[in-house]
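The values are calculated or read from the model by the stated rules, or taken from the named source; none is laboratory data. If you're wondering where the values come from, they're calculated on a predicted model, not measured in any experiment. FYI the Cβ positions are ideal-geometry reconstructions off the backbone, even for glycines, and counts take in every protein chain you see. In case anyone asks, the SASA skips ligands and DNA or RNA and just uses the protein heavy atoms, side chains included. Shrake-Rupley method; radii C 1.70, N 1.55, O 1.52, S 1.80 Å.
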Amino acid sequence: MSESGRRGPNNSGSRDGSGAGNRDSQGNRGARGESKRNAQGRERNRGPQRGFTNNAPSQRTRRADPARLVAFEVLRAVASEDAYANLVLPARIREHRLDRRDAGFATELSYGALRGQGTYDAILARCVDRPLEQLDPAILDALRIGAHQLLSMRVPAHAALDQTVGLARAVIGAGPSALINAVLRKVTVHSMAEWLEILLDDESDETKIAALRHAHPEWIVRALRQSLVNHGRPKNEIDALLEADNAAPVVNLVALPGLGNLDEAFDNGATAGELVEDSALSAGGDLGRFESVRRGTTRVQDVGSQLVARALAGVELGEPPAHGERWLDLCAGPGGKAALLAALAYRDGATLLANEPAPHRAKLVQQALSAVPTEAWTVRTGDGREVGAEQPGAFDRVLVDVPCSGLGALRRRPESRWRRSPKDIGDLGPLQRDLLKSALDAVKPGGVVAYVTCSPHPAETTAVVTDVLAKRGDLELLDAGQALDDVSLTGSLGAGHELSAQLWPHVHQTDAMFMAIIRKKP
């Protein structure tokens with residue numbers, strides 16, 4: 001939780017919104033609930049029943065607090081433009097010129113309201129006199145922002161109410177702000193624990209209980225429980241996994257091998273990563289101010305992504321090539337893993353072809369690779385399913401990081417859990433299989449293919465690998481867990497199961513990356 005979400009009610013000018021105080025019409029401060037009369041003798045404050053703020057109506061907040069406005073704009077962009085919060089938020093923070101403290105508050109408020117949407121909606125449904133879908137979407141987003149402050153942040157209730165109503169009054173209108181005021185007052189009657197007890201009263205279904213308690217759709221709870229069992233872990237870890245999805249992830253940094261270093265990060269409070277070399281855990285703040293980040297020699301990248309890229313680069317080939325190796329990143333956009341692979345290729349005397357079908361994402365790949373000497377890489381814009389036919393047996397190492405549901409990165413993409421459906425997984429299956437087949441056609445005899453997803457779902461991981469391997473006799477599955485251990489600093493991640501490997505947020509503090517390594521027989 002950000003420090004700005006912890007400001008107490010006595011901090012003048014802070015988020016509690018009480019800086020204006022309880023002054024009478026002559027500017028004299030009165031006690032809470034004390035009756036005051038104006039110059040005409042009319043009673044202005046009728047006592048303590050309005051317990052959320054001491055301000056008179058004319059003095060209540062009528063402007064949008066910048067940090068809360070940023071959060072509101074992020075939620076609106078996600079809902080109305082199908083935008084990604086992690087892309088919208090930094091731009092809004094810069095646009096509104098938030099300082100570090102307010103930026104932290106806006107981040108916690110945006111991500112927290114998005115993550116908890118399902119649970120907050122269930123609570124709000126008990127406090128609104130109509131179905132939530134009948135509310136204007138902007139009103140519903142303001143209510144979610146208010147609910148998160150009231151139930152999950154250390155913001156005083158009067159501050160959360162006053163500032164959220166002020167935000168609504170400024171950007172939605174006076175009428176809706178009255179509704180928001182009334183609904184959020186009802187929310188404050190109970191704590192989060194009390195609300196959950198009310199909502200779960202007489203509920204015995206474990207999936208429904210976990211879904212509401214941890215703010216995940218029921219189908220995702222079932223899918224993740226199945227995924228744990230499929231990858232050799234006990235199903236009773238589901239609560240820990242769901243909790244990890246809701247924890248704000250630490251920002252991981254990587255210095256491109258031989259090209260960058262982490263000195264600047266360490267000088268600014270970062271700590272050394274514990275799982276992989278040349279990595280660090282950021283102390284927060286605007287990393288764009290680092291010269292090494294601007295040059296691209298230091299990058300933001302989840303440690304799970306770092307591990308799978310290094311594992312592919314380090315696994316032994318069946319037949320070492322006579323000359324420099326050729327590597328392929330079949331689905332390279334937006335370029336994070338490609339940049340690390342290109343640096344490793346340059347260090348090892350190899351070259352990398354980074355393929356990306358979407359032209360605008362291919363440009364992002366070029367930008368990501370720009371920190372690596374150009375003789376080590378090229379970018380191809382085209383359908384990855386065609387590479388195997390166009391360049392059969394041309395590559396020694398191939399990374400095929402397929403498009404997937406992203407169920408392994410829910411902690412970094414707070415809105416995605418509410419966007420996805422089981423149909424998405426079924427729709428992606430044929431593409432994932434076709435891309436893996438293309439990668440296997442493109443690799444040389446003795447070469448290796450790493451099939452990678454940011455999802456632990458069996459339909460996207462083991463089922464794809466099993467289906468594709470069953471149709472060919474020239475392939476063998478290598479021990480991916482051992483390959484990860486070989487490049488990790490611990491040497492024993494415990495991620496392997498039946499030759500494939502699965503990382504977990506609640507175990508490894510990484511995204512839930514899956515990897516299978518396949519070698520084409522010489």
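Leaving out ligands, DNA and RNA, and with a 1.4 Å probe, what % of the accessible surface on the chain is carbon or sulfur? Intermediate values should be presented prior to the final figure.
Values: 10640 of 22430 Å².
C and S fraction of accessible area: 47 percent.
Once you list every other residue whose beta carbon is under 10 Å from the beta carbon of GLY335, what net charge do they have if Lys and Arg are +1 and Asp and Glu are -1? Intermediate results must be reported in sequence, preceding the final value.
Details: positive: ARG299, LYS337, ARG361, LYS363; negative: ASP329, GLU356.
Residues close to GLY335 contribute a combined charge of +2.
Relative to the longest principal axis of the chain, what angle (0 to 90°, nearest 10) does the C-alpha long axis of helix 336-348 take?
So the helix axis and the longest Cα principal axis differ by about 40 degrees.
Would the stretch 96-200 count as rounded, prolate or oblate if I go by the C-alpha gyration tensor, calling it rounded below 1.5 in a/c and otherwise prolate when a/b exceeds b/c, oblate otherwise?
Values: a/c = 1.66, a/b = 1.20, b/c = 1.39.
Oblate.
Between helix 157-171 and the chain, what is the angle of the helix's C-alpha long axis to the longest principal axis, kept within 0 to 90° and rounded to the nearest 10?
It works out to around 80 degrees.
Could you state how much accessible area GLU386 has, in square angstrom rounded to the nearest 10, with a 1.4 Å probe and all protein chains kept in place?
Accessible surface of GLU386 is approximately 90 Å².
Quick one: accessible surface of HIS231, probe radius 1.4 Å, all protein chains present, in square angstrom to the nearest 10.
10
What percent of all Cα-Cα pairs in the stretch 212-312 falls into each 10 Å bin, going from 0 up to the bin containing the maximum distance?
Each 10 Å bin holds this share of Cα pairs: 14, 35, 25, 21, 5.
Ignoring ligands, DNA and RNA, what accessible area per residue does the stretch 279-346 give at 1.4 Å, in Å²?
35
Cα extents of the chain along the three principal axes, largest first, in whole Å?
Taking max minus min along each principal axis of the Cα atoms, the chain gives 97, 52, 39 Å.
Quick check: the distance between the Cα centres of the stretch 312-391 and the stretch 71-88, to the nearest angstrom?
A separation of 32 Å, based on Cα centres.
How do SER421, SER80 stack up against each other in accessible area, from largest to smallest, with a 1.4 angstrom probe?
Heavy-atom accessible area, descending, gives SER80, SER421.
Which aspartates and glutamates, on any chain, are close to LYS437 with Cα under 18 Å apart, when same-chain ones fewer than 8 places away are left out?
Cα-Cα hits under 18 Å: ASP329, GLU356, ASP383, GLU386, GLU390, ASP396, ASP401, ASP427, GLU460, ASP467, ASP474, GLU476.
Rolling a 1.4 angstrom probe over the protein chains, ignoring ligands and nucleic acids, what is the accessible area of ARG185 in square angstrom, nearest 10?
About 70 Å², rounded to the nearest 10.
Where a ≥ b ≥ c are the square roots of the eigenvalues of the C-alpha gyration tensor, would you call the stretch 145-302 rounded, which needs a/c under 1.5, or, failing that, prolate if a/b is larger than b/c, or oblate?
Here the stretch 145-302 falls in the oblate category.
Amide H of ALA332: which non-local residues (sequence gap of 5 or more, or other chain) have their own amide H closer than 5 Å, using H built in the peptide plane?
ASN355, GLU356
Using +1 at the C-beta of Lys and Arg and -1 at the C-beta of Asp and Glu, which of LEU200, THR490, HIS508 has the Cα lying farthest in the positive direction of the dipole of the chain?
About the Cα centre, the residue reaching furthest to the positive side is LEU200.
So what J values fall out for the stretch 183-195 if you push phi through Karplus, 6.51 cos²θ - 1.76 cosθ + 1.60 with θ = phi - 60°, rounded to Hz, Gly and Pro as x?
5, 5, 4, 5, 4, 6, 5, 10, 7, 4, 4, 5, 4
Which shape class applies to the stretch 429-522: rounded if a/c is under 1.5, otherwise prolate when a/b exceeds b/c and oblate if not, where a ≥ b ≥ c are the square roots of the Cα gyration tensor eigenvalues?
Oblate shape, in that a/c is at least 1.5 and b/c is the bigger or equal ratio.
Give me the angle, in degrees from 0 to 90, between the Cα long axis of helix 303-314 and the longest principal axis of the Cα atoms of the chain, rounded to the nearest 10.
Tilt relative to the chain: about 10 degrees.
With runs of 4+ DSSP H residues as the only contributors, calculate the mean residue ellipticity of the chain at 222 nm using -39,500 (n - 2.57) per run, divided by the residue total and rounded to the nearest 500.
Here the helix-only value at 222 nm equals -13500 deg cm²/dmol.
At a 1.4 Å probe radius, which order do ASP486, ASP121 fall into by accessible area, largest first?
Per-residue accessible area, sorted high to low, gives ASP486, ASP121.
Give me a comma-separated list of calculated 3J(HN,Hα) values for the stretch 487-501, in order, Karplus coefficients 6.51, -1.76, 1.60 applied at θ = phi - 60°, integers in Hz, x for any Gly or Pro.
Here the 3J(HN,Hα) series is 10, 8, 6, 7, x, 8, 6, x, 9, x, 7, 6, 6, 7, 9 Hz.
Could you tally the net charge around ALA77, taking each other residue with its Cβ under 11 Å from the Cβ of ALA77, Lys/Arg +1 and Asp/Glu -1?
Net of charged neighbours comes to -3.
Per 0.36 nm of contour for each residue apart, how much would the distance between ARG94 and ASP239 grow if the chain were fully extended, relative to their Cα-Cα spacing?
Full extension from ARG94 to ASP239 adds 48.6 nm.
Taking the Cβ of ASP302 as the center, what net charge do the other residues with Cβ under 15 Å away carry, scoring Lys and Arg +1 and Asp and Glu -1? If you can, show how the numbers build up before the last one.
Working: positive: ARG299, ARG310, LYS337, ARG411, ARG412, ARG413; negative: ASP245, GLU274, ASP278, ASP401, ASP511.
For residues surrounding ASP302, the net value is +1.
With the dipole of the chain worked out from charges on the C-beta (+1 for Lys and Arg, -1 for Asp and Glu) around the Cα centre, which of SER455, LEU259, HIS214 lies farthest toward the positive end?
Of the options given, the answer is HIS214.
In what order, largest first, do HIS96, HIS360 sit by accessible area if the probe radius is 1.4 Å? Could you put the intermediate results ahead of the total?
Numbers: HIS96 55, HIS360 125 Å².
Largest accessible area first, the residues go HIS360, HIS96.
Among DSSP beta bridges lying fully in the chain, give the percent that are antiparallel, nearest 5.
If we restrict to bridges inside the chain, about 55 percent are antiparallel.
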